[in-house]
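A.B. asks: I am attaching a structure below and will ask some questions about it afterwards.
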Amino acid sequence: MNILVVDVGGTTIKILATGGETPRTFPSGPGLTPEQMVSSILAIAEGWRYDVVSMGVPGPVVNGRPVEEPRNLGPGWVIFDYEEAFGCPVKMMNDAAMQALGSYKGGRMFFMGLGTGLGTALIVDGVVQPMELAHLPYKKATFEEYLGKRGLERLGLKRWHRHVFDCVSRLTTALQLDDVVIGGGNVRRLSELPPLCRKGSNDNAFRGGFLMWEESGHAYRSTILKPSIHSHTLPADKGPAWAALEEHSRKMGKVHLRKLFADDPVRGEMMTAEAVGIYLDYSKNRITNETLRLLIKLAQESGLRARIEGMFLGEKLNSTEQRAVLHVALRAAQDESIFVDGKNVVPEVHAVLNKMADFSGRVRSGVWRGHTGKRIRNVVNIGIGGSDLGPVMAYEALKHYSDRKMTFRFVSNIDGTDFAEAVRDLDPAETLFIISSKTFTTLETMTNAHTARDWLLAGLGGDEKSVARHFVAVSTNGPAVAQFGIDTANMFEFWDWVGGRYSMDSAIGLSTMLAIGPDNFRALLDGFHQMDEHFRTAPFERNLPVLMGLLGIWYNNFFDAQTVAVLPYDQYLKRFPAYLQQLTMESNGKSVTFDGQRIDYQTGPIYWGEPGTNGQHSFYQLIHQGTKLVPCDFIAFSHPLNALGRHHDLLVANVFAQAEALAFGKTPEEVRAEGTPDWLVPHRVFKGNCPSNTILVERLTPDALGKLIALYEHSVFVQGVIWRINSFDQWGVELGKQLAQRIIPELESKAEPTLQHDSSTIALIRRYRKQKSERL
């Protein structure tokens, strides 16, 4: 097999093929795109024979492709199809790792490449780990700022030389190394090498490239399996990009959107992004191209690309519970492979989906009947949190597609009124209950489930056998489900790698599938999947979830905005803001980093909102003329699901008008020009400069809803990575639940309990017991 090895550097591209002796080179640089690189290679390698290509590129490489845009090259490296361009198989790895692989002689070897940037890699017993140390803190900046080309130019040769020795000494001690290799173009500037070090050679990069295709492939294979998700340990607010954004925000705080639009007549066309049928206009944000550049740099410094890839590869990103974060597997195509602890989980996901589809088909067609032989006409979902908010939101959002011969109700609150009102007009003989609880022990859910069981038995003459025809479970606790009286054949499984607030597209969505049918449910999943793939592969500057997540960071951390308003102009999305409250606030309402350090910057903002023009006559006054900065997301659809005269044009006109009014406002001069008396002018001035996104979608379909939900899921992920928090646990819900278990028997005890609480809680318990007794 003949191999072409490509060593991509910040100033030069070097290539060599099997059997060749002299590499060929051509210039690289900040504007070089992968298209230009391949075109040049094909030209200068004309006549060379090669069957495969090895490439070393500056930056993280995961699963055989770059996951961040190289800092010293042009754009497009992440999404480029290298195999199609070369016309043959291509293997890729980090350039420093490739040179390290070619330099390796055994033991624990560290490689440092002194080039335009700084490449680092570690090999232990033949296993290569690219380290990406360049952007970790050193002195007053980062390792790269001192040891890379900029550091050499800024410090001068003598001081640069001292820092190289200092860094190598520190790393040799910390990593307990047997061997240190210093390579890269600037190694020749060192008049002497640090102790225990040897000089690398560019020839070793080619040797490493050839080794990548050897059968042993020992070091190469280990570099493509999983990203190093914990390699970026710099606190969010201590990196160069954060500092640059702080300085930049002070300038932008004085700039009005009126000026930004006046200075750039095509701003409204250029500051947009579109993917998978979602059009995002972010031009009405208080940003410039420089703002976006710095925000994207912040994302890169945070290791966002590696953590995105880590999620899709089953890394245990939920570090406090040692769980993978794989809601993306719930909507993966049947022929895909996603592994958790070495097991492909996609077949299990589709097995459950098929079981749900079969059950839904039988209920919707009337084949499944209740205990008395009557057809099921009512479905009541009993759950709480993610087992309620997702299903009820999806049902309301997709009601247009639901079977109107069936009634759907949702019970979550432990307040008895919730259950009583849900079943008040239902016939037990025609009612199916879905009990959604992973452990089948959740207090609120199981209390309501037992009340439902009692209600059913009372209505059907007390026959215990009826439970199996009127109850199904979404759970993993088979024994508890069976003890309740539910046939475990009617238990639908989900997994601990799915968080509750990310579970509506799992078996938790059974009520949704019953309402809209299996085909529409699969369309919903396909919408999720399309946004997943866009998020995974699109460059940050065109990546919808990344853009929205970064804009949220911009206002939350640099403008002290404490809330975000989500304003869907479609009545079917009336529960969407409530759904996003749990998704965003339970995910990112954290005050410690994933390694347990207290945070001294703001994390998750408060999400809220109402649909359509209702909010305009409620809280828009505060956004327009109040003292709070409230970034807004407007969501609109080009085509209505219910076309009634002028209604939809009037609705959409309000979307565009509100975004325009928030951005540009009305000046005192404009108010006076309308003939307003001077004393009234201040009251009618609109300050404007209120930022907003406008999300425009063609129509609210099942797949469009999936895309919208995934858009927000992934923007939450982006923010969590940058804030360095675990977005996938929720320990904050535990303390109140634990205390409630202690208080329940104190409220129900017939004898006066001994109370050991604070004085307020004791007084409240005693007053409640007294009034409860008086009622009886």
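A.B. asks: So the label point goes 7 Å from the Cα of Thr761 along Cα→C-beta, right? Which residues of the range 702-746 then have their backbone N under 19 Å from it?
C.D. replies: 731-746
A.B. asks: Return one quarter of the surface area of the convex hull spanned by the alpha-carbon atoms of the range 251-353, equal to its mean projected area, in nm².
C.D. replies: 9.9 nm²
A.B. asks: Of Pro518, Pro568, Leu544, which is farthest towards the positive pole of the range 495-582's charge dipole, taken about the Cα centre with +1 and -1 on the beta-carbons of Lys, Arg and Asp, Glu respectively?
C.D. replies: Final value for the positive-end residue is Pro568.
A.B. asks: Can I ask one more? At 10 °C and 1.306 mPa s, what whole-number value in µm²/s does Stokes-Einstein give for the translational diffusion of the range 113-155, with Rh from the Kirkwood sum over Cα pairs?
C.D. replies: This corresponds to a translational diffusion coefficient of 146 µm²/s.
A.B. asks: Moving on to the next point. Please report, to one decimal in angstroms, the Kirkwood hydrodynamic radius of the chain built from all distinct Cα-Cα pairs.
C.D. replies: Details: mean 1/r = 0.0340 Å⁻¹.
Value: 29.4 Å, from the Cα pair sum.
A.B. asks: Something else about it: Taking a probe of 1.4 angstrom, what is the accessible area of Thr417 in Å², to the nearest 10?
C.D. replies: Number for this one is 80 Å².
A.B. asks: Sticking with this structure for a sec: Return the equivalent ellipsoid semi-axes of the range 488-622 as a descending list in whole Å, where each equals the square root of 5 times an eigenvalue of the C-alpha gyration tensor. All intermediate terms of the calculation are to be shown ahead of the outcome.
C.D. replies: On the way: eigenvalues 165, 97, 56 Å².
Semi-axes from the Cα gyration tensor: 29, 22, 17 Å.
A.B. asks: Continuing with this model, one more query. With the Cα gyration tensor of the range 432-500 in hand, convert its eigenvalues to equivalent ellipsoid semi-axes via √(5λ) and list them largest first in whole Å. All intermediate terms of the calculation are to be shown ahead of the outcome.
C.D. replies: On the way: eigenvalues 95, 31, 15 Å².
One finds semi-axes of 22, 12, 9 Å for the range 432-500.
A.B. asks: Could you state the principal axis extents of the C-alpha atoms in the range 583-673, from the largest down, to the nearest angstrom?
C.D. replies: Principal extents (largest minus smallest coordinate, Cα): 56, 42, 20 Å.
A.B. asks: How much mean residue ellipticity at 222 nm does the chain get from its helices, if each DSSP H run of length 4 or more adds -39500 (n - 2.57) and you divide by all residues, to the nearest 500 deg cm²/dmol?
C.D. replies: It lands at -12500 deg cm²/dmol.
A.B. asks: Here's another thing I want to ask about it. From zero outward in steps of 5 Å, how is the percent of C-alpha pairs of the range 1-140 spread across the bins?
C.D. replies: Result, from short to long distances: 2, 10, 20, 23, 21, 15, 7, 2, 1, 0 percent.
A.B. asks: Can you give me the C-alpha center-to-center distance between the range 672-695 and the range 564-591, rounded to a whole angstrom?
C.D. replies: 29 Å
A.B. asks: Taking Cα atoms of the range 609-652, Rg/Rh with Kirkwood Rh, to two decimals?
C.D. replies: Taking Rh as the inverse mean 1/r over Cα pairs, Rg/Rh reads 1.05.
A.B. asks: Here is a follow-up. Please list the three semi-axes, largest first and in whole Å, of the ellipsoid equivalent to the range 343-428, using sqrt of 5 times the eigenvalues of its alpha carbon gyration tensor.
C.D. replies: Value: 24, 20, 13 Å, ordered largest first.
A.B. asks: OK, next. Counting only protein chains, not ligands or nucleic acids, how are His327, His639, His683 ordered by accessible area (probe 1.4 Å), most first?
C.D. replies: Reading off the accessible areas and sorting them downward yields His683, His639, His327.
A.B. asks: A further question follows. Give me the lysines in straight-line cross-link reach of Lys140: C-alpha distance below 22 Å, same-chain residues under 8 apart excluded.
C.D. replies: Within the straight-line limit of under 22 Å, Lys140 reaches these lysines: Lys149, Lys158, Lys238, Lys297.
A.B. asks: Okay, next question. Any number yet on Rg/Rh for the range 6-56, C-alpha, Kirkwood? Could the numbers behind the result be given before it?
C.D. replies: On the way: Rg = 10.6 Å, Rh = 11.3 Å.
Using Cα coordinates only, the ratio equals 0.94.
A.B. asks: Calculate how steeply helix 734-748 sits against the longest principal axis of the alpha-carbon atoms of the chain, using the helix alpha-carbon long axis, and give the answer as 0 to 90 degrees to the nearest 10.
C.D. replies: Roughly 20 degrees between the two axes.
A.B. asks: Once the other residues with Cβ under 12 Å from the Cβ of Ile41 are scored (Lys, Arg +1; Asp, Glu -1), what is the net sum?
C.D. replies: Result for the local shell: -1.
A.B. asks: Distance between Cα centroids, the range 291-356 to the range 1-75: provide it in whole Å.
C.D. replies: Measuring centre to centre over Cα atoms gives 30 Å.
A.B. asks: Sticking with this structure for a sec: Could you report the accessible area of Thr33 in Å², rounded to 10, computed with a 1.4 Å probe on the protein chains as they sit in the structure?
C.D. replies: Here the residue's solvent-accessible area equals roughly 30 Å².
A.B. asks: Counting only Cα, what are the radius of gyration and maximum Cα-Cα distance Dmax of the range 121-207, in Å?
C.D. replies: Considering the range 121-207 through its Cα atoms, Rg and Dmax are 13.0, 37 Å.
A.B. asks: Separate question: From the P(r) of the range 599-748, could you give the percentage of C-alpha pairs in the tail past 25 Å?
C.D. replies: Value for the range 599-748 (Cα pairs over 25 Å): 54 percent.
A.B. asks: Viscosity 1.306 mPa s, temperature 10 °C: give me the Stokes-Einstein translational D for the range 665-776 in µm²/s, with Rh taken as the Kirkwood radius over C-alpha pairs.
C.D. replies: Using the Kirkwood radius from Cα pairs, D works out to 74 µm²/s.
A.B. asks: Here's another thing I want to ask about it. Please compute the Cα-Cα pair-distance distribution of the range 400-446 with 5 Å bins starting at 0, giving whole percents from short to long.
C.D. replies: Values per bin, smallest distances first: 4, 16, 24, 23, 18, 10, 3.
A.B. asks: For the range 386-494, what is the Kirkwood estimate of the hydrodynamic radius, computed as the reciprocal of the mean inverse distance between distinct Cα atoms, to one decimal in Å?
C.D. replies: Computed over the range 386-494, the radius equals 14.5 Å.
A.B. asks: Could you work out the Rg to Rh ratio of the range 732-775, with Rh taken as the Kirkwood radius (inverse of the mean 1/r over all Cα pairs)? Write out the running numbers ahead of the final one.
C.D. replies: Values: Rg = 11.1 Å, Rh = 11.2 Å.
Rounded to two decimals, Rg over Rh is 0.99.
A.B. asks: Something else about it: Using only alpha carbon pairs under 8 Å that are at least six residues apart, calculate the relative contact order of the chain and give it in whole percent.
C.D. replies: 11 percent
A.B. asks: Now for a separate question. Rounding to the nearest 10 and keeping the result within 0 to 90°, find how far the Cα-based axis of helix 386-397 lies from the longest principal axis of the chain.
C.D. replies: 80 degrees
A.B. asks: Ok, one more. On a full-extension model of 0.36 nm per residue, what is the gain between Arg522 and Asp263, subtracting their alpha-carbon distance, rounded to one decimal in nm? Provide the component values of the computation, followed by the final result.
C.D. replies: On the way: separation 259, 0.36 × 259 = 93.24 nm, distance 4.62 nm.
Full-extension gain reported as 88.6 nm.
A.B. asks: Stretch Phe26-Glu669 to full length: gain in nm at 0.36 nm per residue minus the Cα-Cα span?
C.D. replies: Result for the pair: 225.5 nm of gain on full extension.
A.B. asks: Turning to a different aspect of this structure: Pairing the Cα long axis of helix 647-664 with the longest principal axis of the chain, what angle in degrees results, from 0 to 90 and rounded to the nearest 10?
C.D. replies: 50 degrees
A.B. asks: Here is a further query. Based on the Cα coordinates of the range 546-632, what is the per residue volume of their convex hull in Å³?
C.D. replies: 102 Å³
A.B. asks: Can you tell me how much longer the chain between Leu641 and Thr613 gets when fully stretched, taken as 0.36 nm per residue apart minus their C-alpha distance, in nm with one decimal? Mind showing how you got there, number by number?
C.D. replies: Working: separation 28, 0.36 × 28 = 10.08 nm, distance 1.72 nm.
Difference between extended and current length: 8.4 nm.
A.B. asks: Could you tally the net charge around Asp178, taking each other residue with its Cβ under 12 Å from the Cβ of Asp178, Lys/Arg +1 and Asp/Glu -1?
C.D. replies: +1
A.B. asks: Rounded to whole Å, give me the distance from the Cα center of the range 601-624 to that of the range 398-477.
C.D. replies: Each part's Cα centre sits 34 Å from the other's.
A.B. asks: What ranking of Asp463, Asp678, Asp335 comes out by heavy-atom accessible area, probe 1.4 Å, highest first?
C.D. replies: I get Asp335, Asp678, Asp463, largest accessible area first.
A.B. asks: Considering only protein heavy atoms, what is the solvent-accessible area of Thr372 at a probe of 1.4 Å, reported in Å² to the nearest 10?
C.D. replies: The accessible area comes out at roughly 80 Å².
A.B. asks: Okay, next question. What FRET efficiency comes out for the pair Asn289/His683, r = Cβ-Cβ distance, R0 = 35 Å, nearest 0.05?
C.D. replies: The calculated FRET efficiency here is 0.40.
A.B. asks: Normalised by the empirical 2.2 N^0.38 Å for globular proteins, what value does the Cα Rg of the range 228-299 take?
C.D. replies: 1.34
A.B. asks: Another question, if that's okay. So, how do all the Cα-to-Cα distances of the range 303-386 break down into 5 Å bins, in percent, from 0 on up?
C.D. replies: 3, 12, 15, 15, 14, 12, 10, 8, 6, 3, 1, 0
The values are calculated or read from the model by the stated rules, or taken from the named source; none is laboratory data. Given the structure is predicted, the values throughout are model-derived calculations rather than measurements. Cβ: placed from backbone, ideal geometry, glycine included. Neighbour counts: every protein chain shown. The area values use the complete protein model at the heavy-atom level, side chains included, leaving out ligands, DNA and RNA. Shrake-Rupley method; radii C 1.70, N 1.55, O 1.52, S 1.80 Å.
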